[in-house]
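Below: the structure, in structure tokens.
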Amino acid sequence: MSDSKNSEKLVFVTGGGRGIGRATCFRLAEEGYKLAVAARSESELDEVVDTITAKGGSVDRYAFDISDEKTAAQAVKDIIAKHGRIDALVNSAGTSYVGPVVMSNIAKCEEVLRVNLLGALIISKAVLRPMIRARSGRIVHIGSISGQIGAPYNAVYAASKAGVAGLVKSIALEVAATGITVNGVQPGTVRTELFNQTHGARAKIKGITIEEQEQQLIEENPQRRLVVPQEIAAAVAYLLSDGAASVNGQLLTVDGGRSII
């Protein structure tokens, strides 16, 4: 592990069990941060924690549902009780639902909104109390360019991420005077464990193979490739760094240029 100046800083990462969240945990551990990692899956947490501790990193695990206000608040209390501080929150928890709007399962749509949007508000509320008392803190929410450019057959996901973008800007303005910054990272299409599930469903609706769907996504990207989780983790690391102290209320897009065409 490196960068001793970060060794006393505690970063709380939600959705840290896989994909972007897991890559972020590994990146921040390499930079010397202490970590509190949360996810709904105990087995995914075990893999992340074991990998980090094997390399000498400091990490605790917390299994809870981000859309449950009581369990989210309790996790924050437990972290504060053990470490006395939360220097940063990185919220990567999220879920998706694929389907044409005219055939939408409203219960599944509500679940996406509860986790992606309400969950972002709930976990922000929980960490803001100790951060305001400390008059210091960083919050980074993982959004999506879908909230900016739209996503056919994934409308509620796009809407939830557009909501997160609005949440980031609003909270940033609310707490700027307290020394806290609030930002978002907006990935393009990222190759994670959920890629085949999500884009497989979109491919089925479109009547094409998953390979054809992937090729379409690659061709839509000016760089002719998909984003990898480590690139999102690098953007998060920057927003937590001392050099980003005046970056506030911003949405850092990491998509190879997809959203500007």
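Sort through Asp78, Asp65, Asp50, Asp46 and tell me the only one that's under 18 Å from the mean Cα position of the chain (by Cα) and surrounded by fewer than 20 Cβ atoms within 10 Å (Cβ to Cβ).
The conditions single out Asp65.
Going by what's in this entry, would Val37 be described as crowded, with 24+ Cβ neighbours inside 10 Å, in contact with a strand residue (DSSP E or B) (Cβ under 7 Å, 6 or more places away or on another chain) and not hydroxyl-bearing (Ser, Thr, Tyr)?
So Val37 passes the test.
Identify all residues within segment 44-57 that are within 17 Å of Arg22 (Cβ to Cβ) and in contact (Cβ under 8 Å) with a residue 24 or more places away in the chain; write none if there are none.
Glu44, Leu45, Glu47, Val48, Thr51, Ile52, Lys55, Gly57, listed by residue number.
Tell me which residues, restricted to segment 86-113, are charged (D, E, K, R) and more than 22 Å from Phe26 (Cβ to Cβ).
Within segment 86-113, Lys108, Glu110, Glu111 qualify.
Could you grab the pairs with beta carbons closer than 6 Å, sequence gap of 6+ or different chains, first residue in segment 17-35 and more than 19 Å from Ala63 (Cβ to Cβ) and touching a residue at least 24 places away in the same chain (Cβ under 8 Å), second one in a loop (DSSP other than H, G, I, E, B) and of a type in the set (A, V, I, L, M, F, W, C)?
So the pair list comes out as Gly32/Met1.
Working only within segment 231-242, note down all residues that are touching a helix residue (DSSP H, G or I) at 6+ places or on another chain (Cβ under 7 Å) and either small (Gly, Ala, Ser) or outside the structural domain of Val185 (by TED's automatic domain parsing) (or both).
Within segment 231-242, Ala233, Ala234, Ala237 meet the criteria.
Exactly one condition in (1) without any contact (Cβ under 8 Å) to a residue 24 or more places away in the chain; (2) surrounded by fewer than 19 Cβ atoms within 10 Å (Cβ to Cβ) is not met by Pro100; state its number.
Here Pro100 clears every test but (1).
Being small (Gly, Ala, Ser), surrounded by 21 or more Cβ atoms within 10 Å (Cβ to Cβ) and either closer than 11 Å to Thr178 by Cα or more than 10 Å from the chain's Cα centre (by Cα) (or both) is the filter here; which residues of segment 125-144 pass it?
Ala126, Gly137
Quick test of your reading of the structure: Ala177 fulfils all but one of (1) free of Cβ contacts under 8 Å to residues at least 40 places away in the same chain; (2) assigned by TED's automatic domain parsing to the domain that holds Thr24; (3) surrounded by 17 or more Cβ atoms within 10 Å (Cβ to Cβ). Name the failing condition by number.
The single condition Ala177 does not satisfy is (3).
Quick one: which helices (runs of 4 or more DSSP H) lie wholly within segment 6-94 and hold at least 3 residues that are over 18 Å from Ala234 (Cα atoms) and not assigned by TED's automatic domain parsing to the domain that holds Leu121?
In segment 6-94, no matching helices (runs of 4 or more DSSP H) lie anywhere.
The values are calculated or read from the model by the stated rules, or taken from the named source; none is laboratory data. Being a predicted model, the structure only gives us computed values, none of them experimental. Quick reminder, even Gly has a Cβ in these numbers, built from the backbone with ideal geometry, and neighbours come from all protein chains shown.
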